[in-house]
Amino acid sequence: MTINWDLVWSSLGPILMGAVTGTIPLALASFGLGLLLALLIALMRLSRNPVFAAIARIYISVIRGTPLLVQLFVIFYGLPSIGVTISPWPSAIIAFSLNVGGYAAEVIRAAILSVPKGQWEAGHTIGMSRRQSLVRLILPQAARVSVPPLSNTFISLVKDTSLASLILVTELFRQAQQVAAFSQEFMLLYLEAAVIYWVVCLVLAGGQSVLEKRLDRYVAH
Amino acid sequence: MSPTESSHAESVPRAPALLAVRGLRKAFGHHEVLRSVDIDVRRGEVVALIGPSGSGKTTVLRCLNGLEIPDDGVVDFVGQLAVDFSAPVTKKQLAALRDRSAMVFQHYNLFPHKTVLENVIEGPVQVQKRPKAEAIAEARELLARVGLAAKEKSYPFELSGGQQQRVGIVRALALRPQLLLFDEPTSALDPELVGDVLTVIKELADEGWTMVVVTHELAFARQVADEVIFMDGGVVVERGHPDTVLRDPQEERTRQFVDRLLNPF
């Protein structure tokens, strides 16, 4: 098999464009919204209010217990049949955010629980409310613990955004598919797409190390 | 830096009452940890709480600060605030109770993600809303007093246990509480570091700070305390002047406890 380098170069433009205008903004937006949702769900799950805790528990169970592709299809292809039509981009962001929300909620909950109880007590004794202690003492310490598992979630999300190609979002993989269909060079184009995903994830893993080092400045080594 | 006059050594009865605790009860599940405990603390006085582990002495301390909610009893900061736990208490009451005292923990519980200076000013600035510059100036003064002026930019993990505990004490002082609570402040320290911390606490006592100290350091209690309270099984077994309770205890249980601490072998 000889490699058609001309095709590699000429397809690089549209595929990278798909990454920059599709994959990356989709992943960033969904991760940001998903984290906010996850924090809310984690706090509900930790709440003493049994109704909140139950809602959070059911939410996490549903999200983790159903395929992401099915969630995506329910929102984009299913909802219109009950009169709710959402265009591809918002559908993708909603589905991915909800998904991240379910997974990251457990990460955040575990990270909050990993902060020693004495930190809450120290906050109490200097006069802080629970909310103040949470924001100023507990979450900053939980953040450090949750960087590695949340990086996992983010890297998975970046790759999962390829599913958005199935609901007509123009992103990295959809661009590769189109060039492949046109040129009939499936192996080449799909491998090219795989390499680009990999490079993006390498960059993210590098970012994770930097962030971990920054947050580790206050612990013994 | 303290509001009250010093020298509590001989003049015990004359100082006005600061705290009166009556009928304090607390159970964890079926286990009764406190079974009606009364404690009085006068301004400028040092009360040492001693007793075997599980005797309830730490729980008493935690009840005074609202870290535990007693099942029953009254915590009365005389003339200011009396919280009666026989009825449900409000968040406001608890906050008012907590604001009158500050706790020094056995395991320091410093904030690991904040520098020494940030640890100290967190309460004054974030909770008491005092001007930051003023809080920093006061924090530096206090840190200098305990010999940690050079450490203000360090993180807790960079300090020895004794240094961390001195930061813990400064963090409590910076809140300007009426009452300092010490929960076994030297129990987690290596033996050679205990002296530094006890010296700081003794100096604070000499300056007239009012404090309740849970401790196993009998020599320290004898030297510094105005009253020693021996607890066992959730009740006060014996209380009085340190020379009496520690040297010539009237109760058999006190005698056994003191003997065991003085002669462990």
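The values are calculated or read from the model by the stated rules, or taken from the named source; none is laboratory data. What you see is a predicted model; the values in this text were computed from it and never measured. All Cβ positions, glycine included, derive from the backbone under ideal geometry; neighbour counts span all protein chains shown.
Scan region B:65-75 for residues that are buried (at least 19 other Cβ atoms within 10 Å of the Cβ) and more than 11 Å from every other protein chain (Cβ to nearest Cβ) and report the count.
Looking only at that region, the number is 3.
I need the full set of residues from region B:148-160 which are within 11 Å of chain A (Cβ to nearest Cβ) and part of a helix (DSSP H, G or I), in order please.
Of everything in region B:148-160, those that are within 11 Å of chain A (Cβ to nearest Cβ) and part of a helix (DSSP H, G or I) turn out to be B:PRO156, B:PHE157, B:GLU158.
Is it the case, given these coordinates, that A:ILE108 is in contact (Cβ under 8 Å) with a residue 40 or more places away in the chain, within 17 Å of A:GLU212 (Cα to Cα) and either crowded, with 20+ Cβ neighbours inside 10 Å or within 14 Å of chain B (Cβ to nearest Cβ) (or both)?
In short, yes.
So, in region A:178-221, of the ones that are basic (Lys, Arg) and within 14 Å of chain B (Cβ to nearest Cβ), which residue ends up nearest to A:SER11 (Cα to Cα)?
Looking at the filtered set, the residue picked out is A:ARG214.
Does region B:227-242 contain at least one residue that is modelled with pLDDT under 95, assigned to a helix (DSSP H, G or I) and touching a Ser or Thr at 6+ places or on another chain (Cβ under 7 Å)?
No, region B:227-242 contains no residue that is modelled with pLDDT under 95, assigned to a helix (DSSP H, G or I) and touching a Ser or Thr at 6+ places or on another chain (Cβ under 7 Å).
B:ALA27: farther than 22 Å from B:ALA205 by Cα, of a type in the set (A, V, I, L, M) and not in a loop (DSSP other than H, G, I, E, B), yes or no?
yes
A quick yes/no check of all residues on (1) within 20 Å of A:ALA143 (Cα to Cα); (2) out of contact with any strand residue (DSSP E or B) (no Cβ under 6 Å at 6 or more places or on another chain); (3) surrounded by fewer than 19 Cβ atoms within 10 Å (Cβ to Cβ):
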{"site": "A:ALA29", "(1), (2), (3)": "yes, yes, yes"}
{"site": "A:GLY32", "(1), (2), (3)": "yes, yes, yes"}
{"site": "A:LEU37", "(1), (2), (3)": "yes, yes, no"}
{"site": "A:LEU40", "(1), (2), (3)": "yes, yes, yes"}
{"site": "A:ALA53", "(1), (2), (3)": "no, yes, yes"}
{"site": "A:LEU72", "(1), (2), (3)": "no, yes, no"}
{"site": "A:ILE86", "(1), (2), (3)": "no, yes, yes"}
{"site": "A:SER97", "(1), (2), (3)": "yes, yes, no"}
{"site": "A:VAL115", "(1), (2), (3)": "yes, yes, no"}
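Scan region A:117-139 and give yes if some residue there is surrounded by fewer than 20 Cβ atoms within 10 Å (Cβ to Cβ) and under 22 Å from the mean Cα position of the chain (by Cα), otherwise no.
Yes, region A:117-139 has at least one match.
Given the conditions (1) among the small types (Gly, Ala, Ser); (2) within 20 Å of the chain's Cα centre (by Cα); (3) modelled with pLDDT of 95 or more, and given that A:GLY22 satisfies all but one, which numbered condition is not satisfied?
Here A:GLY22 clears every test but (3).
Criterion first (touching a Pro at 6+ places or on another chain (Cβ under 7 Å) and either over 27 Å from A:ASP6 (Cα atoms) or at pLDDT 90 or above (or both)) does A:VAL179 satisfy it?
Here the answer is yes, as A:VAL179 does meet what is asked.
Collect the residues in region A:113-131 that are within 14 Å of another protein chain (Cβ to nearest Cβ), part of a helix (DSSP H, G or I) and touching a Leu at 6+ places or on another chain (Cβ under 9 Å), keeping them in residue-number order.
A:GLN119, A:TRP120, A:GLU121, A:ALA122, A:GLY123, A:HIS124, A:THR125
Considering region B:147-160 alone, what residues qualify as being without any contact (Cβ under 8 Å) to a residue 12 or more places away in the chain and crowded, with 17+ Cβ neighbours inside 10 Å?
none
Considering (1) within 11 Å of chain A (Cβ to nearest Cβ); (2) at negative phi; (3) hydroxyl-bearing (Ser, Thr, Tyr); (4) within 18 Å of the chain's Cα centre (by Cα), say which one B:SER55 fails and leave the rest.
Against the list (1) within 11 Å of chain A (Cβ to nearest Cβ); (2) at negative phi; (3) hydroxyl-bearing (Ser, Thr, Tyr); (4) within 18 Å of the chain's Cα centre (by Cα), B:SER55 comes up short only on (1).
Filter region B:161-179 down to the residues that are touching a residue at least 60 places away in the same chain (Cβ under 8 Å) and away from chain A (no Cβ under 11 Å), then identify the one that is nearest to B:ASP40 (Cα to Cα).
Across region B:161-179, the extreme among qualifying residues is B:LEU179.
Looking at B:GLU227, B:GLU251, which is the one that is within 25 Å of B:LYS26 (Cβ to Cβ) and without any contact (Cβ under 8 Å) to a residue 24 or more places away in the chain?
B:GLU251
Can you name every residue in region B:92-146 that is crowded, with 22+ Cβ neighbours inside 10 Å, hydroxyl-bearing (Ser, Thr, Tyr) and either more than 10 Å from chain A (Cβ to nearest Cβ) or at negative phi (or both)?
B:SER101
Quick test for you: out of A:VAL135, A:VAL145, A:VAL115, pick the one residue that is free of Cβ contacts under 8 Å to residues at least 40 places away in the same chain, under 19 Å from B:GLN126 (Cα atoms) and not hydroxyl-bearing (Ser, Thr, Tyr).
A:VAL135
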